[in-house]
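Enquirer: Pasting a structure below so you can have a look.
The values are calculated or read from the model by the stated rules, or taken from the named source; none is laboratory data. Just so we're clear, the structure is a prediction, and the values are computed from it rather than from any experiment. A quick note on method: Cβ atoms are made from the backbone with ideal geometry, for glycine too, and the neighbour counts reach across all protein chains shown. Surface areas here come from the heavy atoms of the whole protein model, side chains and all, with no ligands, DNA or RNA. Shrake-Rupley method; radii C 1.70, N 1.55, O 1.52, S 1.80 Å.
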Amino acid sequence: MMIDIGLLMEYGASLKEVMKEEIVCQEGEIALFYFQLVKGRLKWMHVDDDGREFIHEFVDDGDSFGVGSLFDREPYDAKVVAEEPSTLIRLKLPLFHQLLEEHPDIHFRFTKLLAERLRYKHLLIKVLTHSDPEYRLVTLLNYLARYKTKVCFAGNRLLLTRKELAGMVGLRVETVIRAVKQLEQKKTLSIDKGKVYLSDMTPIISH
């Protein structure tokens, strides 16, 4: 969790309920609030001119989103949509800045978060400029394993569906299904009852 909910409430934050498929932030809007997900699931995404959905990232409990726009005051470069009924906590921008000034440890935490997200953006560029579907998947899986995100460590189970993976690496679902099967044959991962398990949490393949 980025900021304790109690602390956010002390600074005047409020809770907001959103329904499934409701747009929380629209691409091109100016950021007026700091947002943090209390419960539910959101996706940070955009749709290209051909109607194809590209997913920048998924937002889970405790995650913040749209943080970059709170610092550079530029419009959101994508939209946030609720994947399921969700509860958000939001804090007005001036109060968020006040909170950071009075809590430098939290400010540093956001500096680290922005650095991690910049690294992820670089990864996406690397992924999308490579034509090999298997390489795209492996690069993403390596990142998820390294940063311990979207993976259940009780059994190394990947917490993303084939469709979600496809949206994150810019491929068709059918292509991802074939690539996953190929990676299973190479023992990079395993499949049990439709669930994908990473065989090793160290870097999977080096290209």
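Enquirer: Please report the spacing between the Cα centers of the stretch 69-113 and the stretch 1-57 in Å, no decimals.
Expert: Taking the Cα centre of the stretch 1-57 as reference, the centre of the stretch 69-113 is 9 Å away.
Enquirer: Note down the magnitude of the dipole of the chain about its Cα centre, charges +1 on Lys and Arg C-beta and -1 on Asp and Glu C-beta and zero elsewhere, to the nearest 20 debye.
Expert: The calculation lands at about 900 debye.
Enquirer: Within the chain, what whole-number % of the accessible surface is contributed by carbon and sulfur, with the 1.4 Å probe and all protein chains included in the calculation?
Expert: 52
Enquirer: How much area per residue is accessible in the chain when the probe is 1.4 Å and only protein heavy atoms are counted (Å²)?
Expert: 55
Enquirer: Does the stretch 55-123 come out rounded, prolate or oblate by the C-alpha gyration tensor, with a ≥ b ≥ c the root eigenvalues, rounded set by a/c under 1.5 and, if not, prolate when a/b is larger than b/c and oblate if not?
Expert: Oblate, since a/c reaches 1.5 and b/c is not below a/b.
Enquirer: Please return the longest stretch of the chain lacking exposed loop sites, where trypsin sites (Lys or Arg not before Pro) count only if DSSP places them in a loop and at most 10 other Cβ atoms lie within 10 Å.
Expert: Segment 74-147 is the longest.
Enquirer: Then there's this: With the dipole of the stretch 1-75 worked out from charges on the C-beta (+1 for Lys and Arg, -1 for Asp and Glu) around the Cα centre, which of Gly40, Leu8, Leu70 lies farthest toward the positive end?
Expert: With unit charges placed on the Cβ atoms, the residue in question is Leu8.
Enquirer: May I ask you to compute the full-extension gain from Cys152 to Phe71, defined as 0.36 nm times their residue separation minus their alpha-carbon distance, rounded to one decimal in nm?
Expert: Value of the extension gain: 25.9 nm.
Enquirer: Over 18 Å between Cα atoms: which of Lys43/Lys121; Lys150/Lys187; Lys121/Lys187; Lys43/Lys112; Lys79/Lys121; Lys79/Lys195 fall into that group?
Expert: Over 18 Å Cα-Cα: Lys150/Lys187; Lys121/Lys187; Lys43/Lys112; Lys79/Lys195.
Enquirer: Also, quick follow-up: Under the 0.36 nm per residue contour assumption, what length would be gained going from the current alpha-carbon distance of Asp192 and Arg52 to full extension?
Expert: 47.5 nm
Enquirer: Here's a follow-up. Across all directions of projection, what mean area in square nanometres is found for the Cα convex hull of the stretch 1-46?
Expert: Seen from a random direction, the Cα hull of the stretch 1-46 projects 3.9 nm² on average.
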